[in-house]
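The values are calculated or read from the model by the stated rules, or taken from the named source; none is laboratory data. Quantities reported herein were computed from a predicted structural model and do not represent experimental measurements. Here the Cβ is made from the backbone with ideal geometry for all residues, glycine too, and neighbour counts use every protein chain on show. What goes into the accessible areas is simple: the full protein's heavy atoms, side chains included, and nothing from ligands, DNA or RNA. Shrake-Rupley method; radii C 1.70, N 1.55, O 1.52, S 1.80 Å.
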Amino acid sequence: MIQSMTGFGKASLQLPSKKITVELKSLNSKGLDLNTRMPSVYREMELGLRNQLSQRLERGKIDFSLYIEVTGEDTSSKINVPIIKGYIAQMKAIMPLAEEVELMKMAIRMPDALKTEREEIDENEWKEIQKVIDQALENMAQFRKDEGVSLEKEFLHRIANIMTLMNDAVAYDAERVETVKNRLRTAIEDLQLAVDESRFEQELIFYLEKYDITEEKVRLENHLNYFIETLAGTEANGRKLGFITQEMGREINTMGSKSNHTEMQKLVVMMKDELEKIKEQVLNVL
C-alpha cells in the first residue's frame, strides 16, 4: 500500500505541572528535510530525536515542534531580590520623594531583575515526552496511509483511462493502414505509372512497418500493469512509481510520433494529459 508524504500528527499529555504537545507536519520532498523546534533545555536530545524521526518518516519536508506549557506554580524564572533592592536604593537617591510602589514597578523592568535558573533534563519527564512523540508519529503514519488510499484510487482511475485511450488508438490502426494504402495508390495513379503489384505491396509493408505501434502498445501495457502491481506492493515506493511513469511517457511519445492519423493523435494527446496528472501526484508518494 502506498503512503502520501503529506501528513499531520499531533499528540499531547498533561503532567502535574506541565502540558506537553508534539506536532508533526510533512510535505513532499526528494529526500528527508527535517526541521525541529523545541525548548533549549532539550537540545542535547536533538541528535537522538532526529535519528528516531528519520527512521520512522523516511522522506518528506518535516516540521517537528515540541511545546511545553507550564500549568502549575513551578517556574524557572525567579525574582532577583538583591538586584531589585539595589535598583530601588539607587533610584531613591535620585528621586527621594518617589513612592515605593512606583520605584518597584521601574526596578522590575530593569536588566537582570529576573533570573532564570538552568533546568536539567528530568529522565522520567523525557520518557513521558517520548511517549507523546511516538503517539504523534503514529497519528502521522495513519494520516499518510489515509492519504495514500485516496492517491491509489486516483492512480487506478488515470491508469484505466490511459488503457482505454490506448486501445481506442490501436482500434484505428486498420483504418490507418487502409488510408495510407489508398493514398499511395491514388498518388501513383495520378502519375499514370505502371506498377508491379507485388513490388507495391512490399514497399507498402516496409513503409507501414516504420509506423507500426504494436511494440509500443505492448510495452505501454506492460508498464501500466507494472504500475498497478507496484501500487499493490507491501512497500511504499514513490521513486519506483516515478521511474515507471517515465517509461510510460517514452512509449506514449513514440506512439504519437508514429500516429500519422488525426484521431489517433488526439487520443495520444489525451493519454499524455492523463500521464501528467499521474506524475504530479507521484511526487506526493512516500
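Here are some conditions: (1) of a type in the set (Gly, Ala, Ser); (2) open to solvent by 60 Å² or more (accessible area, probe 1.4 Å); (3) more than 28 Å from Leu137 (Cβ to Cβ). Ala98 meets all but one. Which one does it not meet? Evaluating Ala98 over (1) of a type in the set (Gly, Ala, Ser); (2) open to solvent by 60 Å² or more (accessible area, probe 1.4 Å); (3) more than 28 Å from Leu137 (Cβ to Cβ) leaves (2) as the failure. One residue alone among Ile228, Ile213 is of a type in the set (Val, Ile, Thr) and at pLDDT below 90, and that residue is Ile213.
Scanning the stretch 2-21 for residues that are within 11 Å of Glu147 (Cα to Cα) and either aliphatic (A, V, I, L, M) or open to solvent by 70 Å² or more (accessible area, probe 1.4 Å) (or both) yields Ile2, Met5, Phe8. Scanning the stretch 131-171 for residues that are modelled with pLDDT under 90 and surrounded by fewer than 19 Cβ atoms within 10 Å (Cβ to Cβ) yields a total of 2.
Among the residues of the stretch 268-284 satisfying the criterion of being open to solvent by less than 20 Å² (accessible area, probe 1.4 Å) and touching a Phe, Trp or Tyr at 6+ places or on another chain (Cβ under 9 Å), which is nearest to Glu58 (Cα to Cα)? Filtering the stretch 268-284 for residues that are open to solvent by less than 20 Å² (accessible area, probe 1.4 Å) and touching a Phe, Trp or Tyr at 6+ places or on another chain (Cβ under 9 Å), the one nearest to Glu58 (Cα to Cα) comes out as Val282.
Taking the stretch 118-130 as the region of interest, how many residues are open to solvent by less than 100 Å² (accessible area, probe 1.4 Å) and modelled with pLDDT under 75? So the count comes out to 3.
Within the stretch 19-100, considering only strands (runs of 3 or more DSSP E) that don't extend past its boundaries, which have at least 1 residues that are touching a Ser or Thr at 6+ places or on another chain (Cβ under 7 Å) and within 30 Å of Glu280 (Cα to Cα)? Filter on the stretch 19-100 gives 32-37, 60-70.
Regarding Gly249, is this residue touching a strand residue (DSSP E or B) at 6+ places or on another chain (Cβ under 7 Å) and open to solvent by less than 80 Å² (accessible area, probe 1.4 Å)? Spelling it out, it is not the case that Gly249 is touching a strand residue (DSSP E or B) at 6+ places or on another chain (Cβ under 7 Å) and open to solvent by less than 80 Å² (accessible area, probe 1.4 Å). Just so you know, in the stretch 22-51 the residues that are open to solvent by less than 50 Å² (accessible area, probe 1.4 Å) and within 30 Å of Thr230 (Cα to Cα) include one that is nearest to the chain's Cα centre (by Cα), and it is Ser29.
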